[in-house]
Amino acid sequence: MSVHDPAAWFDLAGKTALVTGCRRGIGRAAATGLAAAGADIVGVSASLEQDGGDVGADVRACGRAFTGFRCDFSDRDAVYKLVADLGEMALQPDILVNNAGTIARRPAAEHSDDLWDRVLAVNLTAQFVLTRELGRGMLDRGAGKVVFVASLLSFQGGINVPGYTASKSGLVGLTKALANEWAGRGVNVNAVAPGYIKTDNTRALQDDPDRSAEILARIPARRWGTPGDLTGAILFLSSSAADYVHGSVLPVDGGWLAR
């Protein structure tokens, strides 16, 4: 990597990035940003349109290829089928952005086993299975970038979201565990931790005037984040600019954790 050409640090030409949960929100912004940096995109979502819908159009507008798959990450067999389909198409991602996630809002005393199992399956177990399976190829090639999408609640307890908090805390531990094993073999494993971002997952909070005002009052940047606010951090961790960054969790939170 030449210190005289900073633009080359972020050039992803010739790379393939797989982005889960790509249909909207942070996943769509990540897929579009990585495509703008030169990567072809493999997009995965439970409800992805056959042609990739809006995110497919975004990627193709950047002049990059888009290949889409549907996968229900609460179904472990579906995750293995996704891995098999990728293998049959000889798609070997250089970059894996684990963004797919779900949330269930219930007080802990009312948080049923079914809710717990689904949230942990989507947010943690599927992430491990997919990363393990695709990570083998990265290890064989001696190169790869894995970016998990954690959360502020990887650091804090949250309210009425015990399964979500547990799963996102688990992602931080998984990030560090994989980094310890894979850093010496050329594979970078890191995470971003979004703050309060305007997505479907935070719609209930946005629509609650009192709770939304409380949140906004604590954010030093004095605004909710947007999915696009995560793009630069994900691009950094996916690029050669982050070749010596391993096991890090990068908050993108408007300063929330600094308060």
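The values are calculated or read from the model by the stated rules, or taken from the named source; none is laboratory data. This is a predicted model, so every value here is computed, not measured. Here the Cβ is made from the backbone with ideal geometry for all residues, glycine too, and neighbour counts use every protein chain on show. Accessible surface areas use protein heavy atoms only, side chains included; no ligands, DNA or RNA. Shrake-Rupley method; radii C 1.70, N 1.55, O 1.52, S 1.80 Å.
Observations on the structure shown:
- Selection of first residues in segment 9-21 that are on the phi > 0 side of the Ramachandran plot and of second residues that are outside any strand (DSSP E or B) and open to solvent by 20 Å² or more (accessible area, probe 1.4 Å), restricted to Cβ pairs under 7 Å at least 6 apart or on distinct chains, gives the following pairs, ordered by first then second residue: Gly21/Asn99; Gly21/Gly101.
- So Arg64, is it open to solvent by 70 Å² or more (accessible area, probe 1.4 Å), outside any helix (DSSP H, G or I), within 20 Å of Gly144 (Cα to Cα) and at pLDDT 95 or above: yes
- You will find that of Trp182, Trp116, the residue that is out of contact with any strand residue (DSSP E or B) (no Cβ under 8 Å at 6 or more places or on another chain), in a helix (DSSP H, G or I), at pLDDT 95 or above and among the aromatic types (Phe, Trp, Tyr) is Trp116 and no other.
- Residues of segment 155-191 that are open to solvent by 20 Å² or more (accessible area, probe 1.4 Å) and of a type in the set (Gly, Ala, Ser): Gly157, Gly158, Ala166, Ser169, Gly170, Gly173, Ala177, Ala183, Gly184, Gly186.
- Residues located in segment 177-227, provided they are under 27 Å from Gln127 (Cα atoms) and of a type in the set (Gly, Ala, Ser): Ala177, Ala179, Ala183, Gly184, Gly186, Ala191, Ala193, Gly195, Ala204, Gly225
- Qualifying residue in segment 72-82 (condition: without any contact (Cβ under 8 Å) to a residue 40 or more places away in the chain, of a type in the set (Asp, Glu) and touching a strand residue (DSSP E or B) at 6+ places or on another chain (Cβ under 8 Å)): no
- Among the residues of segment 207-222, those that are open to solvent by 40 Å² or more (accessible area, probe 1.4 Å), in a helix (DSSP H, G or I) and over 15 Å from Asp253 (Cβ atoms) comprise Pro209, Asp210, Arg211, Ala213, Glu214.
- Subset of segment 223-244 that is over 21 Å from Ser169 (Cβ atoms) and not in a helix (DSSP H, G or I) - its residue that is most open to solvent (accessible area, probe 1.4 Å): Tyr244
- Residue pairs whose Cβ atoms lie under 7 Å apart, sitting 6 or more positions apart in sequence or on different chains, and linking a residue in segment 217-229 that is among the aromatic types (Phe, Trp, Tyr) to a partner that is open to solvent by less than 60 Å² (accessible area, probe 1.4 Å), are Trp224/Tyr196; Trp224/Ile197.
- Hits in segment 1-58 - residues which are in contact with a Ser or Thr (Cβ under 9 Å, 6 or more places away or on another chain), open to solvent by 30 Å² or more (accessible area, probe 1.4 Å), over 20 Å from Ala191 (Cβ atoms) and in a loop (DSSP other than H, G, I, E, B): Met1, Asp11, Arg23, Arg24, Ala46
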